[in-house]
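Since the structure comes first, as structure tokens, the remarks are kept for the end.
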Amino acid sequence: MCGIVGYIGDGNAKDIIIDGLKKLEYRGYDSAGIAVYKDGKLEIRKRRGRIVNLEEAISNEDLQSGLGIGHTRWATHGAPSELNSHPHSNADNTVAVVHNGIIENFAELREWLSKEYGIVFRSETDTEVIAQLIGIYYDGDLLDAVYRAVDKMRGAYAIGVICSKEPDKLIAVRKESPLVIGLGTDCNFIASDIPALLKYVRELYLLENNETAVLTRNAVVIYDAERKSVKRDVLHVTWDAAAAEKEGYDHFMMKEIHEQPKGISETLNRRLTPEGEIVLDGISLTKENLENFNKIYIVACGTAYHAGLVGKFAIEKLARIPVEVDVASEFRYRDPFVDDKTLFIAISQSGETLDTLAALREAKKKGARILSVVNVVGSSVARESDDVFYTWAGPEIAVASTKAYTTQLVCMYLIALYMGRLKGTLSKAECDKYIGELKSIPEKLERILEKEADIEEIAKQLYKTEQVFFIGRGPDSGVSYEGSLKLKEISYINSFAIAAGELKHGTIALIEQGTLVVALATQDRLFEKMLSNIQEVKARGAYVMGIAKEGNTDIEKQSDCVIYIPDCMDEVSPLLAVVPLQLLAYYIAKLRGCDIDKPKNLAKSVTVE
Ligand code: F6R
């Protein structure tokens, strides 16, 4: 959500920034802009829509400069217009600011700046308030002006600032919104995410909350909130820049669907000894801890929340501890029953989702122990947790989450198995059986990917539909929610997921001739019940696409088409059952001509409330 790139050095800031912004496109945005220092002035250019619009608009301009900041904006305050795009500047255009996040007291500050200083605002944004504040406080010391401005601001933000009166520096501030600093030779960078910088640097500093960094061509100094300089370890990025490229696939989403077998193996390998024992290195969950917990909350948003729904089934079944799953934006406002007997599990791909972070903090304040399941190493959720279980899916670029979901599921199974063994609710033999099943998933998943062409054919018959229902029972109901979300977010088809048994309590009224129903029937013990639910919708004219395990061919009698997944234990079937649904959503979206990797209105990392 919004992207920042800044550069200071001997290179051409404009090209480096545009290139970096393109790497951040996955975060979602609706306009882009850049400010560079040139001939004693700040030159600011902005365009609505894609970065290429901006690139084309400035392609013939001589904006050669060694200092600049750029931004992709995802509108919050004010419509996605050129005027509201970043960078924003102060009254005399000597200070330019790019900003991610939200300034909560911006209306108050705006009024104060207008009344006290006669500032006339040019945009509707909260960001312009920052630029104007720095402008009025500037008295020959940019760092001082930034500190004074930040002192007035409430909210969550990451900002980049340049000033035509001090063209030898680039200043960055972080509060809640992520910001990294790239350390080059005779140049330094800022960015809201690592992929933006990998072409240029591998050594980074991760800025912490309430820290300010002053970047010059040859140095980076980080200061804390009291303006004392702080030391920071250099993070050396080992993953390849290619990990953030499409590698021949049409879309990142498809590439990431195909990376799932590898991601799952990696997640398992990191936590299993060659003998198949689960090792939770760095996670200090003891038998006593577990006995102390009387409940577990799993809290997350979107796809990560859906992983939590399956996690609940796994933990309750294998470790026999009551689990509640909640969406983070609700959890934090409902005064939940949390105390020191609560284990709070946060699930997040980005580790920066504001609602999840806020819920985590709420639980921590009340004494809960925090375990997080996170993909991005060093992210805010990871840093604020007592224990972290990384998913090792590699960078996920497509807005629609796929490999993060399946690796999150693997983590939830491993946590459930580990707890079950620790508590004694699961025998060694049973645990070994589950581990064996998990280890077989990558190969089984490859077999589903081989059916890609079949799913594409089904998509060709179905892509014009305007309404879809996903139904399932037990762990399949969690997968239904995920399948429905995938479809609606990338194809914009109105889709709805519901526990199959709940259908008859109202929603079945919507089923009519030709309504598409995707029925997940991968649970052996619930298979017959699902067949009855399928019959109920068939009787009302639905077109049914069934998902079942190989061998359960009875489903063919009630369905119009069926995709089989390899046989597996019921508990782990979500790892396989979700894959045809990801592929179905992908092909339907493609046939409808949708922007698959960057769906409208969506952002990869949701850092606002
Ligand atoms: C959907 C999707 C979102 C995210 C949600 C949480 O495909 O990606 O629903 O799952 O915004 O994001 P994280 O996992 O980064 O906290």
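The values are calculated or read from the model by the stated rules, or taken from the named source; none is laboratory data. Since we're looking at a predicted model, the values are computed, not measured. Here Cβ is always computed from backbone atoms with ideal geometry, including for glycine, and neighbour counts include all displayed protein chains. SASA here: full protein model, heavy atoms, side chains in, ligands and nucleic acids out. Shrake-Rupley method; radii C 1.70, N 1.55, O 1.52, S 1.80 Å.
What is the chain's relative contact order, in percent, from Cα pairs under 8 angstrom and six or more apart in sequence?
Result for the chain is 12 percent.
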For Lys365, which lysines qualify as cross-link partners when the Cα separation must be under 23 Å and same-chain residues fewer than eight apart are set aside? Lys175, Lys295, Lys341
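Based on the alpha-carbon gyration tensor of the stretch 93-135 and its eigenvalue square roots a ≥ b ≥ c, which shape applies: rounded if a/c is under 1.5, prolate if not and a/b is larger than b/c, or oblate? Before the final figure, lay out the partial values.
Details: a/c = 1.88, a/b = 1.15, b/c = 1.64.
It is oblate, given that a/c is not under 1.5 and a/b is not larger than b/c.
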Please find the FRET efficiency linking Glu226 to Asp139, where r is the Cβ-Cβ separation and R0 is fixed at 22 Å, and quote it to the nearest 0.05. 0.60
Near Lys486, which aspartates and glutamates are there with a Cα under 18 Å away, not counting those fewer than 8 places off in the same chain? Asp250, Glu256, Glu259, Glu396, Glu452, Glu456, Glu466, Asp476, Asp595, Asp597
Once you treat every alpha carbon in the stretch 249-332 as an equal point and sum by Debye, what is log10 I(q)/I(0) at q = 0.15, 0.21 Å⁻¹? -0.81, -1.20
Pairs beyond 30 Å (Cα-Cα), from Lys529/Lys600; Lys165/Lys228; Lys428/Lys549; Lys423/Lys504; Lys403/Lys433; Lys255/Lys538: Lys529/Lys600; Lys423/Lys504; Lys255/Lys538
Which of the aspartates and glutamates could a cross-linker bridge to Lys199, judged by Cα under 14 Å and excluding same-chain residues fewer than eight apart? Asp15, Asp19, Asp240, Glu245
Only helices at least 18 Å long along their own axis, judged from Cα atoms, and with Kyte-Doolittle mean hydropathy of 0.5 or greater: name those in the chain from DSSP H. 403-423, 574-591
Placing each pseudo-label 7 Å from Cα in the direction of the beta carbon, Glu116 and Lys165 end up separated by a distance in nanometres of 1.7
Expressed as a whole percentage, what fraction of the accessible surface of the stretch 49-119 belongs to carbon and sulfur atoms when a 1.4 Å probe is rolled over the protein heavy atoms? 48
Keeping every protein chain present and rolling a 1.4 Å probe, give me the accessible area per residue for the stretch 68-221 in Å². 34
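On a 1.4 Å probe surface of the protein chains, which of Thr465, Thr72 comes out largest in accessible area, and what is the full order?
From most accessible down to least: Thr465, Thr72.
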State in Å² the accessible area per residue of the stretch 303-418; use a 1.4 Å probe, count heavy atoms of protein chains only, and round to the nearest integer. 29
Order 202-211, 8-17, 394-403 from most to least packed using the mean count of other Cβ atoms within 10 Å. 394-403, 8-17, 202-211
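So what is the relative contact order of the stretch 431-573, in percent, for Cα pairs below 8 Å that sit 6 or more residues apart?
Relative contact order comes out at 23 percent.
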Unit charges on C-beta of K, R, D, E only; dipole of the stretch 1-51, Debye: 260
Inter-part gap, Cα centre of the stretch 268-339 to Cα centre of the stretch 168-216, in whole angstrom, is 33
Estimated 222 nm signal from helices in the chain, with DSSP H stretches of n ≥ 4 weighted -39500 (n - 2.57), rounded to 500: -11000 deg cm²/dmol
The percentage of the accessible area of the stretch 450-509 (probe 1.4 Å, all protein chains present) made up of carbon and sulfur atoms, to the nearest whole number, is 49
For 313-323, 165-175, ranked highest to lowest by mean beta-carbon neighbours within 10 Å, the order is 165-175, 313-323
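How many lysine pairs does the stretch 1-110 hold where the Cα atoms are under 22 Å apart and the two sit 8 or more places apart or on different chains?
On the way: Lys14/Lys22; Lys14/Lys23; Lys14/Lys38; Lys14/Lys41; Lys14/Lys46; Lys22/Lys46; Lys23/Lys46; Lys38/Lys46.
Here the count comes out as 8.
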With +1 on the Cβ of every Lys and Arg and -1 on the Cβ of every Asp and Glu, and nothing else charged, how large is the dipole of the chain about its Cα centre, in debye rounded to the nearest 20? 560
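Accessible area per residue for the stretch 491-609 in Å², computed with a 1.4 Å probe and the full protein assembly in place, what is it?
Accessible area per residue: 37 Å².
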Take every DSSP beta bridge whose two residues both sit in the chain, then give the antiparallel share in percent to the nearest 5. 60
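Quick one: pull the percent of accessible area on the stretch 263-387 belonging to carbon and sulfur, 1.4 Å probe, ligands and nucleic acids left out.
50
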